[in-house]
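Contents: one structure, followed by commentary.
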Amino acid sequence: MLSNRLIRKLDFTLIAAVVGIVVVSLIIIGSATHINTPSDERYWFVQRQGIFAIVNCALVFFMLHFDYKILQRYGNALYIFNLVMLVAVMVLGQSALGAQRWIQIGPITLQPSEFSKIIMIISLATMLDKRMGKLNTFKDLLPVAAYVALPFLLVMKQPDLGTALVFMAIFFGMIFAAGVNLRLLMIIFGTGLACMPVFWHFLKDYQKMRIMVFMDPNVDPLGSGYHIIQSKIAIGSGMLFGKGLFGGTQSQLNFLPENHTDFIFAVIGEELGFIGATFVLILYFIMLYRGTKIANEARDNFGALLAVGITSMLTFHVLVNVGMTAGIMPVTGIPLPLMSYGVSSLTTNLVAAGILLNIYMRRQKIMF
Amino acid sequence: MVTTNKFRVRLETLSIIVIVVMLTLISRLGYLQVLEGDYYSRLADGNRIRLIPAMAPRGLFYDRNGALLVSNRPGFTVSLLSLVGPVSDDVVARLANLLKMSKEDIYNKISQHTGFDPIHIKSDVGPEIITVLEEKKDDYPGVVVEIQPIRNYINMELGAHIFGYVSEINDTELEARKGEGYKASDIIGKFGLEKVYDKELRGIDGGGQVEVDVTGKPVQILGKKEPVPGCNLTLTIDENIQKAAEKAIDEQLAYLQAKTEYKKAKAAAAVVMNPKTGEILAMVSRPAFNPNLFGGGISTKDWDLINNNPYHPLDNKVISGEYPPGSTFKVVTGSAALEENKVTPEEKILDTGKHWIIPKVNADGEALGWIDFRVALAKSDNVYFYEMGNRLGIDLMEKYARMFGLGAVTGINLPYETDGLVANRRYKEKVYKEDWYLSETFDAAIGQGFQLVTPLQIADVYSQIANGGTRYRPYLVSQITAPDGTPIQKFSPEKMGDLGISKRTMDVIRDSLRNVALEGGTAGEVFKNFPVAIAGKTGTAENPHGSDHGWFVGYGPYENPEYVVVVVVEQGGYGATSAVPIGKKILEAAFHIEPPTKEDPGLK
């Protein structure tokens, strides 16, 4: 059992934010999947997401019993597991929208790339723990980069540009926190920018189109640009107070595609308005801000690195997903954490929140 | 342990990044939802709301006795409802094939259309096409069938030049009338009363506001506005007289073409007017056209047939046909001569068959000897009226012609009326840069030479004679009523001017015109035994382009005239043989006279 001492050290603010987001998520998924119109399967999505939320909360609570430190012991093993899993997707995976991302296990469709994000964070934290403050030269950085590059390339191969970009965010967030030489970081970014045209070459046509459409959705208003245009219309037309739950015409009349998954934030914007959307963003802000605080107060470097990795991942997700629905980020297929429908993503993010709680619960006692 | 300052700074930086990210996102939302919210709301409404317009039925036309002349009937219109996706090429190809249109035509209609309401592709299609569309719905996604009122000219060509026709508004009309609520693909009156009273007739379109989902399927009706039908017109036309006039002309033209030398007698005009009010009771122009052809977009074939007809079916020859008045003009010359005391009714002038100053002759070379005014007018003697012209001079003749209203439009409520020409010095000087010759005065005196009139102007002239000298504005509409029957506007006779010629003169003229229809007059044979006393005048106008035009003007009853009838038959030869038989039949209809049986219309 958890001691009372530990329970008292739980981050209740973070818990409140996470629970708040999950509750909003269930309501909005309900609205987006027409729970108010009679149909045999109208509760399917909400039920499923709700069950997984509860199961995962139990899982997280169970995990709190173990000191997060044991993760460090399995860091390398998890890394290998990650690679195997990603290869398995490529071999066994089912295609969806031209990308192999799914593995069917019984009634559950798993999206391994979601789990691979959190595994990536744990393995990288394990590796960087010993290199804190020792990332000053290109030679120092090379092994770390190679370590990340392997799963990164496997994800790119799927192709899952979204997850690959999340890996980048995690990588940069964590080496930044691990004290990488800033000039080195600048050089990497500079080189990266310079290599953009080469990179462009390796993108699939539909990915190129997404980026072109991001620049100007009207190049293909009924094709690739359609999502962005309809999403912006949904959010904008929500105005200050929103059209009310179930009242969003863009969402309810299906003008807004993928309204319960990647574009769920547009439903929030449309039905809850600026006030509701801002409220949701504040919940996210609390969660993310707590993430950075937890990194700050972690007992050890490993904990700090884990917290930074998780926060980087979540921040990137929120930025890219909300940015995408609001038309300031390209369409990359990154879900909104704890909000978008999808059990793999939900599990990953709840586990991530659990790890944050774990770290905070076992923080250093000396405050200054 | 993360204790060194450097790492603290790094973590603080990460916090700041989180704050910046959130502020960015919230600002973006503020921009989209608060600043641009109205704009996106309109876009969202545009996505989901479709306007299905319901065209207002145009106002109806009734004759003076309440007989329905022009109405509407329901017709099927094939339209495309603009969905989220563009209409596929396959569907357009299938539709083009079904409607027998070219694909380009359909694409043109699509590209010219703006807004979310249905794009009209073809109106008034047959039920067989609707059956195909209903049965093979899946082959025609986005194609909808609407029911729209189609203008129905019940009696086809009857009164076509009075009613006019309707058709889809064109770009120039749209540009000119945009401010008045006209919009693309509206049906608009293009000719005749349809054009003049379009605003009153068109009514107010209604429509339904329908919420549709992403596939264009209606989800719910948001609002419905019933169309308000247009106002109805009660015409001054008498359907019976109109029908009789049309029939008489058609029969007479057929007769002239088939049985006489006047093969080119294909065009004619007739008008019946109430001399006491200016009301038009009938108005016929030949050749005519079927106004029903225009409503649903006239086919190229039909249009070519109308447009290439050398006798111009679309001209209303009653108001825009300009003819030399011939002998019908002699009442003007005669009035002037009597009023100016250039002659007395009793003075006799010797007709030797030609005038003594300039050897101009009578039409058929006859010589009537010593004749007075009444005989001269009744028998339409040219030499006598050359002499009247000689005594008056061209300027006085011009003055009297203008007093009767010639050389100016009558002001009837129809478009495209022309004003004719009164022979005068200034015109000749301007056009030919030559002085006036006496022989031209002679020509003018008998309604030849420069003189040009429309049949309606002649009707106006004889109405003044018949009613004692008041010129009324001819009109076709007596009342505009709302769809529920309440009168909106009533039209009453409108005085345009007083002739100012003495009763003494007018009596002589009328007396002489009465003689025309009596034994010995030019129309005497035809009106022998006619139960109503008729006065009138025949005319045979020389036509430099072919055979003579035949004229007849008649009015009756002589003592208290109710009808003035004017008939002109282009290239029909003598007025007495071409126009008079028509005029007689019209007068029979007007006076409800059963014609004696077995009468050959061409024989006198």
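Please calculate how many Å² of accessible area chain B carries per residue, with a 1.4 Å probe and no DNA, RNA or ligand atoms counted.
43 Å²
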log₁₀ of I(q)/I(0) at q = 0.09, 0.14, 0.15 Å⁻¹ - the range B:118-257, Debye sum with one point per alpha carbon: -0.45, -0.91, -0.99
Placed amide H near B:Gly536: partners under 5 Å, 5+ positions off or other chain: B:Arg514, B:Val516, B:Ala517, B:Tyr555
Cross-link reach list, lysines versus A:Lys134, counting only Cα pairs under 18 Å and skipping chain neighbours closer than eight places: B:Lys6
Amide H contacts of B:Asp124 (H built 1.01 Å from N, under 5 Å, at least 5 apart or other chain): B:Phe76, B:Thr77, B:Val78
Full-extension gain in nm, B:Glu134 to B:Asn307, via 0.36 nm per residue minus C-alpha separation: 58.6 nm
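Working from the pairwise distances between different alpha carbons, so that the mean of 1/r is found and then inverted, what is chain B's Kirkwood radius in Å?
Working: mean 1/r = 0.0356 Å⁻¹.
Answer for chain B: a Kirkwood hydrodynamic radius of 28.1 Å.
Per residue, how much accessible area does the range A:4-361 show when a 1.4 Å probe rolls over the protein heavy atoms, in square angstrom? Could the numbers behind the result be given before it?
Numbers: 14340 Å² over 358 residues.
With all protein chains present, the range A:4-361 gives 40 Å² per residue.
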HN-Hα J in Hz across the range B:532-537 - Karplus 6.51, -1.76, 1.60, θ = phi - 60°, x for Gly and Pro: 10, 5, 10, 10, x, 7
Protein-only accessible surface order, largest first, of B:Trp370, B:Trp436 at 1.4 Å: B:Trp370, B:Trp436
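Pop the C-beta distance of B:Leu51 and A:Trp200 into the FRET formula with R0 = 51 Å and round what comes out to the nearest 0.05.
Working: r = 44 Å, r/R0 = 0.87.
Plugging the Cβ-Cβ distance into 1/(1 + (r/R0)^6) gives 0.70.
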Distance in nm between pseudo-label sites at A:Asp140 and B:Lys503 (7 Å out along the Cβ direction from Cα): 13.0 nm
Backbone HN-Hα couplings from phi across the range A:168-182 [Karplus 6.51/-1.76/1.60, Hz, Gly and Pro as x]: 4, 4, 4, 4, 5, x, 6, 5, 5, 5, 6, x, 4, 4, 5
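What does the structure give for A:308-314 when I average, per residue, the other chain Cβ atoms found within 10 Å of the residue Cβ?
Values: counts 4, 0, 0, 5, 3, 0, 1.
Mean partner-chain Cβ count within 10 Å for A:308-314: 2.
Within the range A:15-89, report the chymotrypsin sites (Phe, Trp or Tyr not before Pro) that DSSP leaves as loop and that have at most 12 other Cβ atoms within 10 Å. It would help to have the intermediate numbers written out before the result.
Values: sites: A:Tyr43, A:Trp44, A:Phe45, A:Phe52, A:Phe61, A:Phe62, A:Phe66, A:Tyr68, A:Tyr74, A:Tyr79, A:Phe81; in loops: A:Tyr43, A:Phe66, A:Tyr68, A:Tyr74.
When the chymotrypsin sites (Phe, Trp or Tyr not before Pro) of the range A:15-89 are filtered for loop state and at most 12 Cβ neighbours within 10 Å, A:Phe66 remain.
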Separation in nanometres of the label points that stand 7 Å from Cα toward Cβ, at A:Arg42 and B:Ile16: 5.1 nm
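Taking each pair of distinct Cα atoms in the range A:4-361 once, what is the resulting Kirkwood hydrodynamic radius in Å? Write out the running numbers ahead of the final one.
Details: mean 1/r = 0.0475 Å⁻¹.
The Cα-based Kirkwood calculation yields 21.1 Å.
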Peptide-level mean, for A:291-299, of C-beta atoms on other protein chains within 10 Å: 4
Net +/- balance of residues flanking B:Leu69 in space, Cβ distance below 9 Å, scoring K and R +1, D and E -1: -2
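Take the Cβ-Cβ distance between A:Gln104 and A:Asn254 as r, set R0 to 25 Å, and report the resulting FRET efficiency rounded to the nearest 0.05. If you can, show how the numbers build up before the last one.
Numbers: r = 27 Å, r/R0 = 1.06.
Between A:Gln104 and A:Asn254 the formula returns 0.40.
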Nearest 10 degrees, 0 to 90: helix B:103-112 Cα axis against chain B principal axis: 80 degrees
Portion, in percent, of the accessible area of chain A that falls on carbon or sulfur, probe 1.4 Å: 71 percent
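Please give the length that would be gained between A:Lys69 and A:Val55 if that part of the chain were fully extended, namely 0.36 nm times their separation in residues minus their C-alpha to C-alpha distance (nm, one decimal).
Details: separation 14, 0.36 × 14 = 5.04 nm, distance 2.34 nm.
Full extension from A:Lys69 to A:Val55 adds 2.7 nm.
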Long-range HN-HN contacts of B:Glu279 with modeled amide H, under 5 Å: B:Asn274, B:Tyr475
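Of the listed pairs B:Lys266/B:Lys537; A:Lys9/A:Lys69; B:Lys379/B:Lys537; B:Lys259/B:Lys301, which have alpha-carbon separations greater than 19 Å here?
Values: B:Lys266/B:Lys537 22 Å; A:Lys9/A:Lys69 17 Å; B:Lys379/B:Lys537 9 Å; B:Lys259/B:Lys301 31 Å.
As for pairs spanning more than 19 Å Cα to Cα, those are B:Lys266/B:Lys537; B:Lys259/B:Lys301.
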Buried solvent-accessible surface, both chains (A, B), 1.4 Å probe, Å² to nearest 100: 4200 Å²
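At 0.36 nm per residue, minus the direct Cα-Cα distance, what do B:Ala533 and B:Leu222 gain on full extension? Give it in nm, one decimal, please. Write out the running numbers ahead of the final one.
Numbers: separation 311, 0.36 × 311 = 111.96 nm, distance 6.77 nm.
Once the chain is fully extended between B:Ala533 and B:Leu222, it gains 105.2 nm.
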At R0 = 51 Å, FRET efficiency that the Cβ-Cβ distance of B:Trp356 and B:Ile593 yields, to 0.05: 0.70
Karplus-derived 3J(HN,Hα), 6.51/-1.76/1.60, for each residue of the range A:116-128, Hz, glycine and proline x: 4, 5, 5, 5, 4, 4, 5, 5, 5, 4, 4, 5, 6
Occluded residues from the range A:238-287, i.e. those whose accessible area drops by 30 Å² or more once the chain is not alone (1.4 Å probe): A:Met239, A:Thr249, A:Leu253, A:Phe255, A:Phe274, A:Leu281, A:Phe285
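Round to a whole number: what % of the accessible area of the range B:262-367 belongs to carbon and sulfur, probe 1.4 Å?
Carbon and sulfur atoms account for 52 percent of the accessible area of the range B:262-367.
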Threshold 50 Å², the range B:192-234 residues less accessible with all protein chains present than alone (1.4 Å probe): B:Val214
Rg/Rh (Cα only; Kirkwood hydrodynamic radius) as it applies to the protein assembly as shown: 1.30
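Quick one: pull the percent of accessible area on the range B:49-235 belonging to carbon and sulfur, 1.4 Å probe, ligands and nucleic acids left out.
Working: 4870 of 9010 Å².
For the range B:49-235, the apolar C and S fraction of the accessible surface comes to 54 percent.
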Exposed-site-free run, longest, chain A (rule: trypsin sites (Lys or Arg not before Pro); DSSP loop; at most 10 other C-beta within 10 Å): A:131-364
A:Leu83-B:Asp89 pseudo-label distance in nm [points 7 Å out on the Cα-to-Cβ vector]: 5.0 nm
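Would you mind calculating the relative contact order of chain B from Cα pairs under 8 angstrom and at least 6 residues apart, reporting the percent as a whole number? Please list the in-between numbers first.
Working: 1262 pairs, mean separation 85.3, N = 604.
That works out to 14 percent.
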Residue (of B:Leu414, B:Thr328, B:Ser79) at the positive-pole extreme of chain B, dipole from beta-carbon charges: B:Ser79
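The values are calculated or read from the model by the stated rules, or taken from the named source; none is laboratory data. These numbers were taken from a predicted model, which means no experiment stands behind them. We place every Cβ from the backbone using ideal geometry, glycine too, and count neighbours over all the protein chains shown. With ligands, DNA and RNA removed, areas are computed over all heavy atoms of the protein, side chains included. Shrake-Rupley method; radii C 1.70, N 1.55, O 1.52, S 1.80 Å.
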